[in-house]
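Notes follow once the structure below has been shown.
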Amino acid sequence: MSTSVQEISREKSAALFETAKKYFPGGVNSPVRAFKSVYGTPLFIERGDKAHLWDSDGNKFVDFCCSWGPLILGHNNEQIREAVTAQLHKGLSFGAPTQLENELAELIVSKNKYIDKIRFVSSGTEAVMSAIRLARGYTKRDKIVKFDGCYHGHSDSLLVKAGSGLVTFGETSSAGVPQSFAAETIVIDLNDREALQEVFTRYKDQIAAVIIEGIPANNGLLLQDKDYIHYLRQITKDNGTLLIFDEVITGFRLGFTGAAAYYDVQPDILTYGKIIGGGMPVGAYGASNELMAHISPDGGVYQAGTLSGNPVAMAAGIAALSILAQPDFYSNLEKVTAAFVAELRAHIQEKGYTVQLFTVGSIFWFAFTAQTSIKRADEIDPASMEKYKVMHRALLNRGVYFGPSGYEVGFISAAHTQEDLRFAIDALKESLAIVFA
Ligand SMILES: *Cc1c(COP(=O)(O)O)cnc(C)c1O
């Protein structure tokens, strides 16, 4: 096994990055893209096809970032491309209803017993922000509870991190969020029943909603026990508090019914994004008819969007979800992922490396730790990220693209062939050898 390969050329990417820094803060339009947590300058991508990416220097990679989750069908999927192209000839935006919105809604709602009605927005952030407003409008309460280690986009109410103590008012995790907003958000640890009890005792009748990522996958992959999620459902119900499942990653990643079906639990409001737009900017939130009747123009909770339900984005979503709806789509993808994970786990065990591979559906996460279970954000050792950095660089040099942070999960798409996965496994084995050399 070769543990020394040449560094890939990043000449063109580096030059583009210098130009980008003139125009954008940190040279990027979303912070993690700046590669601050890994080595080197960010790679500027020129194109993608199936499971592959090509950067501006002509380097080719097998991609496991998949645009952070949306590309469950890989890059440049033919059906999505054709649907988008056909729509382009008819117009880009009308600001009026189209049949396309009905079609995508039908695909989402008809196979999903957890929601009756949805509203399309243009990002996951917007979906979650609107869901929180709906919960507050419906319950006439102001406080919300979120969990340390769950990401819900960048709206003010949710850029809040835990203070110290079991149950504390949040502290803002971004400059520019008023402390008075953060005071309405309570942050607790995942997998902690006591903290939940304490929250509902201390803030009785004040909590509009508890929001949780269906399966927390934005800060490592923090797999929760089904029992705990059922407990969360019960305690929220008992207190007249709504339960919001943020399924922006898990929705349509774990099948059409996402994490709700995975746990067999009925949340009150669900949010979607990423996959439902087939690579275009689409988000959605959904709930029962009763709850959704509170959204304007039917009800008093205002929410709107100039480009909401954008026809090109709807066309992409319809094409994507039509493929995902085919029989065995998810079971095949999960089988492929399970085999990929099993081979790597066997190798890790054989070598005695201190690294875990956590997985659910077609999501996986490398955690450089001896712990065989990680359920809370504070169980992740920040020092372990140094190992991820080494692995990340070694993988790029071997033609494998992972997300540029050890807190990010990897995604397998239906476009990943056996050959792609074999290539990646070999690269991973070599890269792990470097990490543990
Ligand atoms: C990505 C993500 C968001 C934010 O979605 P954007 O489209 O980036 O605004 C919200 N919640 C979860 C769980 C996510 O993974």
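Skipping prolines and chain starts, which residues have an amide H placed within reach, meaning under 5 Å, of the one on Val400, given they are 5 or more residues away or on another chain?
Val62
Calculate one ³J(HN,Hα) per residue across the stretch 404-410 by plugging θ = phi - 60° into the Karplus curve 6.51 cos²θ - 1.76 cosθ + 1.60, and present them in order as whole Hz with x for glycine and proline.
Computed from phi, the couplings for the stretch 404-410 are x, 6, x, 8, 8, 7, x Hz.
Assuming R0 = 41 Å, can you tell me the calculated FRET efficiency for the pair Ala14 and Lys113, based on Cβ-Cβ distance, to the nearest 0.05?
On the way: r = 51 Å, r/R0 = 1.23.
That gives a FRET efficiency of 0.20.
For Val409, what residues show an amide H to amide H distance below 5 Å, using hydrogens built from the backbone and excluding near sequence neighbours?
Gly220
Which residues' amide hydrogens lie under 5 Å from the amide hydrogen of Ala209, considering only partners 5 or more residues apart or on another chain, with H built in the peptide plane?
Val145, Leu242
Restricting to the chain, compute how many DSSP beta bridges are antiparallel as a %, nearest 5.
60
If you filter the stretch 235-317 for chymotrypsin sites (Phe, Trp or Tyr not before Pro), then keep DSSP loop positions with at most 11 other Cβ within 10 Å, what is left? Could you put the intermediate results ahead of the total?
Values: sites: Phe245, Phe252, Phe256, Tyr262, Tyr263, Tyr272, Tyr285, Tyr302; in loops: Phe252, Phe256, Tyr302.
For chymotrypsin sites (Phe, Trp or Tyr not before Pro) across the stretch 235-317 that sit outside H, G, I, E and B with at most 11 neighbouring Cβ atoms in 10 Å, the list reads Tyr302.
Step through the residues of the stretch 347-352 one at a time and calculate ³J(HN,Hα) from phi using the Karplus curve (6.51 cos²θ - 1.76 cosθ + 1.60, θ = phi - 60°), rounding each to whole Hz and writing x for Gly and Pro.
Result, rounded to whole Hz: 5, 4, 5, 4, 7, x.
Once both labels are modelled 7 Å past Cα along the beta-carbon direction, what's the Glu103-Glu82 spacing in nm?
That separation, rounded to one decimal, is 1.3 nm.
Rounded if a/c is under 1.5, else prolate if a/b beats b/c, else oblate: with a ≥ b ≥ c from the C-alpha gyration tensor eigenvalues square-rooted, which is the stretch 334-418?
Values: a/c = 1.44, a/b = 1.25, b/c = 1.16.
Because its axes are fairly even, with a/c under 1.5, the stretch 334-418 counts as rounded.
Run the reach check for Lys204 against lysines, Cα to Cα strictly under 23 Å, same-chain hits fewer than 8 apart removed. What comes back?
Hits, sequence-local ones excluded: Lys140, Lys143, Lys146, Lys161, Lys237.
In units of 2.2 N^0.38 Å, what is the alpha-carbon radius of gyration of the stretch 233-375?
Details: Rg = 19.0 Å, N = 143, 2.2 N^0.38 = 14.5 Å.
Against the empirical 2.2 N^0.38 Å value, I get 1.31 for the stretch 233-375.
Under 8 Å for C-alpha pairs, at least 6 residues apart: give me the relative contact order for the chain, rounded to a whole percent.
Working: 857 pairs, mean separation 100.1, N = 437.
For the chain, the relative contact order is 23 percent.
State the antiparallel share, in %, of DSSP beta bridges confined to the stretch 78-324, rounding to the nearest 5. Mind dumping the intermediate values first?
Working: 13 of 30 bridges.
Beta bridges within the stretch 78-324, antiparallel portion: roughly 45 percent.
Given R₀ = 41 Å, what would the calculated FRET efficiency be for Lys204 paired with Val32, taking r from the Cβ atoms and rounding to 0.05?
Numbers: r = 38 Å, r/R0 = 0.93.
The pair Lys204/Val32 has a calculated efficiency of 0.60.
Hey, what number do you get for the chain at 222 nm if only DSSP H runs of n ≥ 4 count, each worth -39500 (n - 2.57), divided across all residues, to the nearest 500?
Numbers: 13 runs with 156 residues, N = 437.
Dividing the helical sum by the residues of the chain leaves -11000 deg cm²/dmol.
For the stretch 406-430 and the stretch 20-42, compute the distance between their C-alpha centroids and round to whole Å.
Distance between centres, Cα-based: 24 Å.
Please compute the contact order of the stretch 78-324 in relative form: average sequence separation of alpha-carbon pairs under 8 Å and at least six residues apart, divided by the residue count, as a percent. Could the numbers behind the result be given before it?
On the way: 508 pairs, mean separation 75.1, N = 247.
Relative contact order for the stretch 78-324 comes out at 30 percent.
When we measure straight from the Cα of Lys60, which lysines land under 22 angstrom away, once same-chain ones fewer than 8 places off are left out?
Lys12, Lys36, Lys50, Lys389, Lys429
Per residue of the stretch 136-143, what does 6.51 cos²θ - 1.76 cosθ + 1.60 with θ = phi - 60° give for ³J(HN,Hα)? Whole Hz please, x for Gly and Pro, Karplus curve as stated.
For the stretch 136-143, the Karplus-derived couplings read 5, x, 6, 8, 6, 10, 9, 7 Hz, x marking Gly and Pro.
Per 20 Å bin, what percent of the C-alpha pairs of the chain does each bin hold, from zero upward?
All Cα pairs considered, the percentages come to 25, 58, 17, 0.
Taking Cα centroids, how far is the stretch 76-100 from the stretch 225-281 in Å?
Using only Cα atoms to place each centre, the spacing works out to 29 Å.
For the pair Glu419 and Asp227, how long in nm is the line joining their label points, each one 7 Å along Cα→Cβ?
According to this spin-label approximation, the distance is 4.8 nm.
Report the equivalent ellipsoid semi-axes for the stretch 1-68 in whole Å, largest first, defined as the square roots of five times the eigenvalues of the gyration tensor built from alpha carbon atoms. Provide the component values of the computation, followed by the final result.
On the way: eigenvalues 89, 45, 31 Å².
Over the Cα atoms of the stretch 1-68, the semi-axes work out to 21, 15, 12 Å.
Roughly speaking, what is the centre-to-centre gap between the stretch 361-391 and the stretch 107-176 when only Cα atoms are used, to the nearest Å?
25
Once a ≥ b ≥ c are taken as the square roots of the eigenvalues of the Cα gyration tensor of the stretch 141-260, is the result rounded (a/c under 1.5), prolate (a/b larger than b/c) or oblate (a/b not larger than b/c)? All intermediate terms of the calculation are to be shown ahead of the outcome.
Numbers: a/c = 1.68, a/b = 1.20, b/c = 1.40.
Oblate shape, in that a/c is at least 1.5 and b/c is the bigger or equal ratio.
If you take the square roots of the eigenvalues of the alpha-carbon gyration tensor of the stretch 78-324 and sort them as a ≥ b ≥ c, do you get rounded (a/c under 1.5), prolate (a/b over b/c) or oblate?
On the way: a/c = 1.90, a/b = 1.72, b/c = 1.11.
Here the stretch 78-324 falls in the prolate category.
Measure off 7 Å from each Cα along the Cα-to-Cβ vector at Leu307 and Asp426, then give the distance between these two points in nanometres to one decimal.
Here the modelled spin labels are 4.2 nm apart.
Every read-out reported here was derived from the displayed coordinates using simple, explicitly stated rules and does not represent laboratory data. The model shown is predicted, which means the values in this text are computed figures rather than measured ones. Please note: Cβ atoms are built from the backbone with ideal geometry, for glycine as well, and neighbour counts cover all protein chains shown.
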